[in-house]
1. Hey, can you rank 48-60, 104-116 by average C-beta count inside 10 Å, highest first?
2. Using alpha-carbon positions, what is the distance between the centroids of region 47-82 and region 164-213, in Å?
3. Charges only on Cβ, +1 for Lys and Arg, -1 for Asp and Glu: so what's the dipole of region 146-239 about the Cα centre, in debye to the nearest 20?
4. Positive end of the dipole of region 46-111, charges at C-beta (+1 Lys, Arg; -1 Asp, Glu), about the Cα centre: which of T94, Y60, V83 has its Cα farthest in that direction?
5. Please report, in debye to the nearest 20, how large the charge dipole of region 59-114 is about its Cα centre when each Lys and Arg carries +1 at its beta carbon and each Asp and Glu carries -1 there.
6. If you place +1 on the Cβ of every Lys and Arg and -1 on the Cβ of every Asp and Glu, how big does the dipole about the Cα centre of region 75-182 come out, in debye to the nearest 20?
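Bear in mind that the values in this text are calculations on the coordinates, not laboratory data. None of these values were measured; they are calculated from a predicted model. Cβ placement follows ideal geometry from the backbone for every residue including glycine, while neighbour counts extend to all protein chains displayed.
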Amino acid sequence: MNVNPEGAKTCSGGGRGGLQRFSLAKAAILLATGLAFSVGVALAAGTQVYNPKTGQWTNYDRTQAYKYYRTHKQVPESFRMQVVKFRTAEQPGTIIIDGNQHFLYLVQPGQKAIRYGIGVGRDGFGWAGIVRVGRTAEWPTWTPPAEMVARDPNARKWAKGQPGGPDNPLGARALYLYEGDQDTIYRIHGTPEPWTIGLDVSSGCIRMNNDDIVDLHSRIQVGAKVIVLMQGAALYKGV
């Protein structure tokens, strides 16, 4: 597989219909429900990671991410799956996504969570809200939206759907996010480009490396609550 650090594949969530402007007041309401994050990356514009050798936070952009993955064959430790302390009023089995920090938390009993590194929507494609897992799929078919087919020659050949497989943009598993009974067109899914974890790269979907999405898929139940927090994003209709 050829990996291009200048242009990651995008998911099927390319549309922005049905979105309202996000407000920090709404985020404050969500945080007031009892969410308390245990984070491992700095609060800053863009992604930063901690370098234990230098004791400093360093920028982590597409070029740095690609170089790191080529050298280490994995993402930085902050973005690897791990169990962390996590205080929240939400029930075990709830997914909480901190888009700014590029973490997905699966709430566990005993004030703990399994934390996974994620890639999120690039500039202009971020969103926030409360949705649910409507269905799941193993090695899902990817069908690009019409607007992506129109602008992307690589997507055009898959206008009728790309079968699941190692080069499919949705990766090994997909969790389809619904608002009520309506598919939001957003997904939590795997990726054939694991070096992009920790970056703002997608058209709104949440991407994980394939090992992590397989693990999450094995633990999650259809109907699970999904809370997406991202400063300066858009708020999904109905939330």
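1. Values: 48-60: 12.8, 104-116: 19.3.
For the peptides 48-60, 104-116, the packing ranking is 104-116, 48-60.
2. 21
3. Values: 10 positive and 11 negative charges, 41 e Å.
That gives region 146-239 a dipole magnitude of about 200 debye.
4. Ranked along the dipole, the leading option is Y60.
5. Numbers: 8 positive and 4 negative charges, 51 e Å.
In debye, rounded to 20, region 59-114 gives about 240.
6. On the way: 13 positive and 10 negative charges, 39 e Å.
Roughly 180 debye, rounded to the nearest 20.
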